[in-house]
1. Of the listed peptides 73-86, 264-277, what is their order by residue-averaged count of other C-beta atoms within 10 Å, with the highest listed first?
2. Of Asn253, Pro270, Met292, which is farthest on the positive side of the dipole of region 214-298, counting Cα position, with +1 on Lys and Arg Cβ, -1 on Asp and Glu Cβ, and the Cα centre as origin?
3. Test of understanding: what is the full-extension gain from Arg214 to Val74, defined as 0.36 nm times their sequence separation minus their Cα-Cα distance?
4. Just want the ordering: Met60, Met223, from fewest to most Cβ atoms lying within 10 Å of their own Cβ.
5. Add +1 for every Lys or Arg and -1 for every Asp or Glu among the other residues with Cβ under 9 Å from the Cβ of Ala238, and state the total.
6. Can you find, among Ile123, Pro109, Leu135, the residue sitting farthest towards the positive end of the charge dipole of region 100-184, where Lys and Arg contribute +1 and Asp and Glu -1 at Cβ?
7. Using the structure shown, list the pairs from Lys333/Lys360; Lys78/Lys134; Lys85/Lys132; Lys85/Lys278; Lys78/Lys132 with a Cα-Cα distance above 19 Å, or answer none.
Amino acid sequence: MTDTEKTPALGYTEKYPDHYYHEEDQDVGYHEEEPYLNYDEDDPDLDYIEEPLDDAPLEMIGAGSCGSVWSCNVPDSKWFRHVIKREDRSSNRSIVKEYLMHQRIQWPPRFHSFSVPVNYDLIGKNDDAFWKDKLERFGEDYQPCYALVSDRIPAFPRSVREEIVKRYCPPELRSTILNSRSNDACLMRAYLGRRKMPQTEEDKPKRFVGFSLRNYPLRADQMEEMGLDTEIYAYAMADALAMLHWDKGIDANDVEFVLAPPTLYTYGVPHDSDIIGKHKVWLLDFDLCQDMSMDEAGVNQAVEAFFRNDPYYPRPYTSSTDELDPLWVVFKKQFLRTSEILLRACHTNLPGLWVDKIEKTSKTIVKKRLKGEC
Ligand SMILES: Nc1ncnc2c1ncn2[C@@H]1O[C@H](COP(=O)(O)OP(=O)(O)O)[C@@H](O)[C@H]1O
Ligand SMILES: [Mg+2]
């Protein structure tokens, strides 16, 4: 046992009482819970599909291999708080599948520690009522396609964008970044599993390759520099993975975790910071998630997904294989604890097996890296 493991860390509930589960969930059987809607059903904003559409232009605020993601940056517009994810970037990826996964994941929204944007609707290619008013608002040459309508994860305000640019953007790019509209859609990926590598002068890239505030890849050392609480993000990710694996039977392949402001309807007290303001950990992008079985094969699948994903999760070993990384220890404790609550008496060996396999694989990776083999 390492020193970090011997030190009794405060549990999540003690340290962040406001961020734990919806209080009724603590002792009540999860599957008997009524779905819990976290918004005011009388809010007129939710009638946006039935209401006459405003004509403010839609803008692409994100894109991946599956879809382009559109919203409206005019605050009065009904689409300001929502996004349309179009299935228009790869024929191998399916929005219908994402819709089914998203629905499964979002109800009931039981955790306070992370948020999932609410997904409202799946739009078909032949849904004329939807497309007829909207196609021209995408620009020329856009065709009807499958699409999802979800809550927009709010972008960080200008003051935060300026701060990130001041800290991390090369001076010669600063004004371009701050004046480009595409960088207004600023979310930050929470890369707890990445730290700045020590660089020699020779290693330093001679020319800068790029900088974007969209999905800005925020490393653990940058979070620490800004006084952000990396432990609370580790708790959030541990809860999210435990929920996806054991409660939903989903491997979490290719999901994303971003830091971004809360919406009006996000429940759980948001985290606060002098530098980046009020924010939550958001979980998104479910189109590559797969079902997993509740056995060792399923655990192997989930372990693969863990390492294949971008470095959101803390890693057990980083620069040496002597000691477990303290942030991993925090993550692991929370993962095991939440898993136990979710699984109750079933499959109770699986979370421990998952942890063992992650630690073993991480050790092998670091050993290889130290030998220069990867
Ligand atoms: N609900 C949302 N609110 C705000 N931005 C979003 C939302 N969904 C996606 N995005 C942005 O669009 C990008 C691409 O969307 P994503 O779902 O990851 O597509 P893909 O499946 O093609 O990777 C995301 O990385 C994120 O920056
Ligand atoms: Mg994506």
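1. Sorting 73-86, 264-277 by mean packing, highest first, produces 73-86, 264-277.
2. Pro270
3. 48.6 nm
4. The most exposed by this proxy come first: Met60, Met223.
5. Surrounding charge for Ala238 is +2.
6. It is Pro109, whose Cα lies furthest towards the positive end.
7. Lys85/Lys278
Every number in this text was worked out from the coordinates using simple rules, so none of it is lab data. Because the structure is predicted, anything quoted here is derived from the model rather than measured. With ideal geometry, Cβ positions are generated from the backbone for all residues, glycine too; neighbour counts draw on all protein chains shown.
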